[in-house]
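The values are calculated or read from the model by the stated rules, or taken from the named source; none is laboratory data. If you're wondering where the values come from, they're calculated on a predicted model, not measured in any experiment. Cβ coordinates were reconstructed from backbone atoms using ideal geometry, including for glycine residues, and neighbour counts include every protein chain displayed.
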Amino acid sequence: MSGDHIEFSEVFPMARLGRRTAAISAAFALAFMAGGSAVAAGGSDDDPASARTRDHAGRTIERKVDRLLSRMTTQEKLQQVQLLSDGQITDADAEAGVGSVFSLVDPVAINHFQHVAVEQSRLHIPILFAYDTIHGYRTIFPVPLGAASSFDPAVAQADAVVGAKESAIQGLKQIYSPMVDVSHEPRWGRIVEGAGEDPYLGSVMSAARVEGTQGTDYSAPDKVVASVKHYVAYGQPEGGRDYNTTDLSESRLRNLYLPPFKAAIDAGADTVMCSFNAINGVPGCANEYTETEILKKEWGFDGFVESDYTAVAELRACPPVKPDSGPCGHGVAADGPDAGAAALMAGTDSEMVSTNLRDYGQELLADGRITMSRLDDAVRRILRVKFRAGLFDHPYVDVGTASDPASYGQPADLAKSRWAAGRSMVLLKNDGGALPLDATRSTALIGPFGQTVDEMLGPWSGRGSDDLAPKFVSLLDGLTAASSAPVTYTAACNLAHNFDPPNNAVPPITADDEVCAGPGVDGTTIQDAVAAANSADQVVLALGESGFMSGESNSRSQLDLPGHQEDLLNAVVATGKPVVVVLLNGHPLDLTAVVDEPAAILEAWFPGTEGGNAVADVLYGKVNPGGKLPVSFPRGVGTVPYYYNHEPAGRPCDATFKWNARYRDLPTCDPLYAFGYGLSYTSFDVSDLTLSRTSVGRNGSVTVSMVVTNTGDRAGDDVAQLYIHDPVASLSQPVRRLRGFERVSLEPGASTTVTFTLDKSDFGFYDNRGRFVVEPGTIEVYGGDSSAATMTASFTITR
């Protein structure tokens, strides 16, 4: 296909997500009560700019912003663009008019500094208090990669609703979530915080989280403003190492990495965090093209952009010309003034932690290196968000409510966390129907993660382990409560955490630092685990990663089970008892060395506060797992990055032929487990792929349907998945692209028809000049319940 193109103003490929996610609230209620699903398909040609048109209240806010801005001195404006940490803020900062503060969570201290700002500063502008509520504040939900495994936006939205409510109770009015970075790098530690490798799935989850966080009006007492991060392409660092550089084409930027951000903006997100990484040599927080040209001009974003932690200081070369404190490295600025100017003029509106704009702004204005109009624009955006958040009317937190344990972990919210965790688990293997377990038979729980908190909650778990937080449910707690027969626990080996020592100077990792390198916390060894297995009817082996092995600055060079967990697995399997592995992890793991050993493998990720109960629900059959992988599991770390939506090569992989894109030491180029893969305790058949037409104009649409049938003997969920491929185009296109999915719940023998609508936002793609093009020719359609779907059909796009 080649030929016609459409200008950006004619189409926003993710615009239809706005209509889709508007129904998520109702879908969540239905899904939570009845085990149903939320539909992730539909179409709309609505202009997304209309969705952001402000009503009378919005015009009133603009007048208030204008009046306040006209009264501000230059130094007050420079204070307003300053974002300080909890360890930096002082009374003097508050009185001077500092704009924002993050990670301060003591409600008394929040009210103190807010009182100084509101009552003692000249213009009485309130401070915006923020926090990293990623998958829960005190009631912790599954990590976002786990939530994406649900293929149900209602799960992501439930997480966001509860996290926003608990954050707001604490006195916070902004959260640094959602993280929507698409990643094809399983080594990257922060892959755990996003929705995996697909921009379509990521867009659906992104919009759901924004709507759950903000609702229709984030001035509401149980809502906060969302900050979408990390803008942009942070999830594809070279070598999988956090903060590292990214180099990519214009088409990849727009087709793969921008869509989840666009979906979040269309859903109403009012703040964006620019990223640490450089994109094609230009750091994210000094990138005029991405921050101003795309985000603010093309997309019409009228909120504000904040930098990530010291990201403005990091623009400087090392050593900087001026001996300012803070990190340096990118080398696009000589010193602090240079860095502040570069960030502001590129489109960064708020500087986190480093103080280059506040300290040097007057000098930069005098020298003409920044303009007053651009500074005013930044301040205007910040004030606009504060007015929309209702901070001028309600600046203070209710200390009594914030300090009351009953305010957090409410029964309904814990039930949602448990529901979300069960819905997020993926059954990778189940030979011989090993699962579900028999609750009347004795169970030996073995492994270092049976009673640990961090492996339930995972990284970025807010204040989920604080005194005011609800008590987490361990695996041992959950299995014991669910079983009518004895459950024993043997740690078998240790869980060392020497990855984050004082002063952040990480020493070389030794054997003593690894998971499963010595006796367990209960003094037991692998030999004790063998004895425990021999004494039980069935074995649950809890393996995976320490909670400190994923998240920020936790990239891994190897992706296998760390330490001697493989030895533990082999020893327990050798007993001959049925062994079920429960994985607790944040990276997609390399399981090639162990996949053949256990009878069953359940991917539970880091499941949250109610994780132990949720795992037990699945293991004992109360919940039938229906999750699907949002990311490919590699067949060896040497095969990464691998992702299902790769482009074809001139010599595509054929393991039976030498001269092509294969590995000489692997029998296949396929991953161990593919995107969209997941088993169930029942069986399903996906059939009857049908198109409403075989020819369509570029502005037309095609309805695609398929039938899902439960062919087994248990009720369960499956996810119908729709993929397309453009086989002949002006740019080589991915071998498959997800363009619709729906999770359905079916009784044994029942069938349902799932329908999707494809339109120009699906047919087309962005070229390397940033143009959205819809080219005439054939579009191949694939239907099934994984990215390996085999049902095919096709239609033709006419000129």
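Here are some notes:
- Test: residue in the stretch 241-253 that is crowded, with 24+ Cβ neighbours inside 10 Å and either touching an Asp or Glu at 6+ places or on another chain (Cβ under 6 Å) or closer than 26 Å to residue 379 by Cβ (or both): no
- Count - residues of the stretch 763-791 that are closer than 30 Å to residue 684 by Cα, hydroxyl-bearing (Ser, Thr, Tyr) and outside any loop (DSSP other than H, G, I, E, B): 2
- Note on the stretch 197-210: residues that are touching a Ser or Thr at 6+ places or on another chain (Cβ under 7 Å) and part of a loop (DSSP other than H, G, I, E, B) total 1.
- Residue check for residue 195: in contact (Cβ under 8 Å) with a residue 24 or more places away in the chain, crowded, with 24+ Cβ neighbours inside 10 Å, touching a Leu at 6+ places or on another chain (Cβ under 6 Å) and more than 25 Å from residue 136 (Cβ to Cβ): no
- Residue identified as in contact (Cβ under 8 Å) with a residue 12 or more places away in the chain and not in a loop (DSSP other than H, G, I, E, B) among 631, 686: 686
- Residue 599 under 30 Å from residue 520 (Cα atoms) and of a type outside the set (S, T, N, Q): yes
- Some residue of the stretch 424-442 being more than 30 Å from residue 523 (Cβ to Cβ), among the aliphatic types (A, V, I, L, M), surrounded by fewer than 19 Cβ atoms within 10 Å (Cβ to Cβ) and within 31 Å of the chain's Cα centre (by Cα): no
- Considering only residues in the stretch 102-161 that are of a type in the set (Phe, Trp, Tyr) and in contact (Cβ under 8 Å) with a residue 60 or more places away in the chain, the one that is nearest to residue 743 (Cα to Cα) turns out to be 151.
- Count of residues meeting criterion [part of a loop (DSSP other than H, G, I, E, B) and more than 22 Å from residue 184 (Cβ to Cβ)] in the stretch 251-276: 4
- Filtered by the rule that a residue be β-branched (Val, Ile, Thr), in contact with a helix residue (DSSP H, G or I) (Cβ under 9 Å, 6 or more places away or on another chain) and more than 18 Å from residue 418 (Cα to Cα), the stretch 592-636 gives 594, 631.
- Across the stretch 681-712, the qualifying residues are those that are of a type in the set (S, T, N, Q) and in contact with a Lys or Arg (Cβ under 7 Å, 6 or more places away or on another chain), and the one among them that is modelled with the highest pLDDT is 682.
- Hey, residue 572 touching a helix residue (DSSP H, G or I) at 6+ places or on another chain (Cβ under 6 Å), closer than 30 Å to residue 148 by Cα and not in a loop (DSSP other than H, G, I, E, B) or not: no
- In the set (1) surrounded by fewer than 18 Cβ atoms within 10 Å (Cβ to Cβ); (2) on the phi > 0 side of the Ramachandran plot; (3) in contact with a Lys or Arg (Cβ under 8 Å, 6 or more places away or on another chain), residue 334 fails one condition alone, (2).
- Summed over the stretch 453-468, residues that are surrounded by fewer than 24 Cβ atoms within 10 Å (Cβ to Cβ) and under 9 Å from residue 547 (Cα atoms) total 3.
- Of the helices (runs of 4 or more DSSP H) entirely within the stretch 326-438, those holding at least 2 residues that are among the basic types (Lys, Arg) occupy 372-388, 411-424.
- The residues of the stretch 104-120 that are surrounded by fewer than 19 Cβ atoms within 10 Å (Cβ to Cβ) and assigned to a loop (DSSP other than H, G, I, E, B) amount to a single one, 106.
- Scanning the stretch 371-388 for residues that are among the hydroxyl-bearing types (Ser, Thr, Tyr) and touching a residue at least 24 places away in the same chain (Cβ under 8 Å) yields a single hit, 371.
- Filtering the stretch 456-477 for residues that are more than 31 Å from the chain's Cα centre (by Cα), at pLDDT 95 or above and outside any loop (DSSP other than H, G, I, E, B) leaves an empty set.
- Residue count for the stretch 295-312, restricted to those that are of a type in the set (A, V, I, L, M, F, W, C) and either assigned to a loop (DSSP other than H, G, I, E, B) or over 22 Å from the mean Cα position of the chain (by Cα) (or both): 4.
- Failed item, numbered, when residue 665 is tested on (1) part of a loop (DSSP other than H, G, I, E, B); (2) more than 21 Å from residue 186 (Cβ to Cβ): (2)
- Residues that are farther than 16 Å from residue 551 by Cβ, part of a helix (DSSP H, G or I) and not aliphatic (A, V, I, L, M) are absent from the stretch 168-175 altogether.
- Exactly one residue out of 492, 482 is on the phi > 0 side of the Ramachandran plot and of a type in the set (Gly, Ala, Ser): that is 492.
- Residues located in the stretch 488-501, provided they are surrounded by 22 or more Cβ atoms within 10 Å (Cβ to Cβ) and at pLDDT 95 or above: 489, 490
- Among the residues of the stretch 212-222, at least one is modelled with pLDDT of 95 or more and under 21 Å from residue 149 (Cβ atoms).
- Candidates in the stretch 643-661 are the residues that are over 20 Å from residue 731 (Cα atoms) and surrounded by 14 or more Cβ atoms within 10 Å (Cβ to Cβ); of these, the one that is modelled with the highest pLDDT is 660.
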